[in-house]
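Note sheet for the following structure.
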Amino acid sequence: MTEVSKVASATYLRTATVPLGELTPYPGNAKRGDAATSLESLCSNGQYRSLVVREVEPDQPDQPDQPGRLVVLAGNHTLQAIAAHGPGPCGMTYTVGEEERPCGLCGGKPWEPAARCEIVTCNDATARRINLVDNRSADLGTYDDTALLELIAGLDGDLIGTGYTDTDLGDLLEVLEIVQIEETPYDEDEADEGEEGGGQENGREPQQGQADDVPAAQGPAGAADGPAAAPPAGQPAAPAQGVQPTTQPAQPAQPVLPQPPGQVHLILTYPPEDRDEANRLIAAAREVLPAAGTPEIVLRGLRTLVAVLDSRHAPDGTVTVASLLRAADVELH
Ligand SMILES: [Zn+2]
């Protein structure tokens, strides 16, 4: 108990909007933030989070000549961004849908730089801990990429004020596309049966007849399988031969799928059941359209649906198989 009680916690005093000139950055703050991203966020979102500011007591022995000094423990980059904004109006606007709104910080009006602060009192060691952990905890966090993608995708491409760019979104999609391929149950089965070359990679066109769609380099399935896999010289043989390959996680080095030049991503998010159904339908369509990648199959399916709906307005209202196949761009043999 005595060990714990040595660490004095910070005590909340009040929340106040403080002119920038009265705030002091934390001396020696080690984190180097991205001021441009912070400023963009302030303009589009406003100051949604208070700075955490230590009020140094007038009788503080280390600062006897500056009574009441306010030191920013957390939010030093917000402080910098507000300073970079300067007095209003800044003239910046941002667009929500079709509406153009003024800067969220100055409101497009005369404004003296100030920050909303939660003011606390604490000792020097606690001040230092708060400054360190506030920076550190952000570093230590990780992301659920799927959840992150859904959050970003929910903004319909308007990424202003999120700190994310279109490039970040593209990188995220590439990572998740790999995950999805690994989860697709049709991947390995169809590759083994080798019938139609169910190439999963977009843009790869399996050649008719020679469906060598699993590169040997991916190979734990083929190469390292048999008892022929001898241990490297100088190393003891594995105690149980043949066990090791099957217990290895099925993670062949999947290539990161590049976004083909001139193409863009279209994100569709589904509940797991719907995604599984979509995968089943796409796998079935691939048997008819072996050369088509997933995006092409989905597009052809939509064209066919539109052809059906259009035909209801035709004079005779007849939908023929030939017309549907034509809409789907399926070649008849
Ligand atoms: Zn502004």
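The values are calculated or read from the model by the stated rules, or taken from the named source; none is laboratory data. Since we're looking at a predicted model, the values are computed, not measured. Don't worry about glycine lacking a Cβ; one is built from the backbone with ideal geometry, like all the others, and counts go over all protein chains shown.
Among the residues of the range 101-127, those that are more than 27 Å from the chain's Cα centre (by Cα) and without any contact (Cβ under 8 Å) to a residue 24 or more places away in the chain comprise Pro102, Cys106, Gly107, Gly108, Lys109, Pro110. Six or more apart or on different chains, Cβ atoms under 7 Å: show the pairs whose first residue is in the range 268-283 and closer than 17 Å to Leu173 by Cα and whose second is at pLDDT 80 or above and aliphatic (A, V, I, L, M). Close Cβ pairs satisfying both conditions: Thr269/Ala153; Tyr270/Ala278. Once the range 84-94 is narrowed to residues that are assigned to a strand (DSSP E or B) and free of Cβ contacts under 8 Å to residues at least 60 places away in the same chain, the residue that is nearest to the ligand (Cβ to nearest atom) is Gly88. Counting residues that are modelled with pLDDT of 85 or more, which helices (runs of 4 or more DSSP H) fully inside the range 116-215 reach at least 1? Fully inside the range 116-215 and qualifying: 124-140, 145-153, 166-183. Determine, yes or no, whether Gln47 is at pLDDT below 90, polar (S, T, N, Q) and either within 12 Å of the ligand (Cβ to nearest atom) or over 30 Å from Pro102 (Cα atoms) (or both). Against the criterion (at pLDDT below 90, polar (S, T, N, Q) and either within 12 Å of the ligand (Cβ to nearest atom) or over 30 Å from Pro102 (Cα atoms) (or both)), Gln47 does not qualify.
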